[in-house]
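Contents: one structure, followed by commentary.
What follows is calculated from the coordinates using simple rules that are stated; it is not laboratory data. Since this is a predicted model, take the numbers as computed values, not measurements. Because the Cβ atoms are built from the backbone with ideal geometry, glycine has one as well, and the counts that use them run over all protein chains shown.
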Amino acid sequence: MMASSAISPFFLPISHFTTKGWIKMTAAGTPSTARPMDGPLLSRLYQMGIVKRDGEINVENMRLFTRIYAAQFYYNLCDSYAKSTVGTVLASFDELSGRKDYKGIYLFLSLQYDQLRKPLPDPVWWLMGSPKALKIFSIGFVESLTEVFREEESYVQADDRNAQ
């Protein structure tokens, strides 16, 4: 039996969640969902530091953004899949990168998040509205993902040598 002060989240009013910041609300007070074409997309990318005021890509910030999401994605894969499956996924990204198929990379990334039963992170989703940013992200994502994989492999090998 629950203590009297504990209330099941199923019985809490929606205002409880909106005041906690769990659900974003529109100015009209209705729940909002993030869609890449809603509102000033370039403003969102500008506020994130991805796009400059003139619409050009901030390459240094994009490089960091890409690295963060590639590492996050890699560890999501490692937490969910066997090592051989992770290798298969990485090989597929590498193949798409070799063909310079940046739309295919983005689509494959989206499909992988679906397989992981995780939503595509909003900032990555918002890139759909900027073809130039999407292309730079997609190609850089595979490069960063490959770097993260190689670095992780070298750490594992070093740990194995130290354990012997």
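Rounded to the nearest Hz, the phi-derived 3J(HN,Hα) couplings of region 138-147 under the Karplus curve 6.51 cos²θ - 1.76 cosθ + 1.60 (θ = phi - 60°) are 4, 5, x, 4, 5, 4, 5, 4, 5, 4, where x marks glycine and proline.
Spin-label model, residue 91/residue 78: points 7 Å from Cα along the beta carbon direction are separated by 2.0 nm. Label-to-label distance for residue 68 and residue 42 is 2.3 nm, based on points extended 7 Å past Cα in the beta-carbon direction. Each residue of region 74-85 was assigned a 3J(HN,Hα) from its phi angle through the Karplus curve 6.51 cos²θ - 1.76 cosθ + 1.60 (θ = phi - 60°); the sequence is 4, 6, 4, 4, 5, 6, 10, 10, 5, 4, 5, 5 Hz, with glycine and proline shown as x. Between residue 60 and residue 111, the contour length at 0.36 nm per residue exceeds the Cα-Cα span by 15.6 nm.
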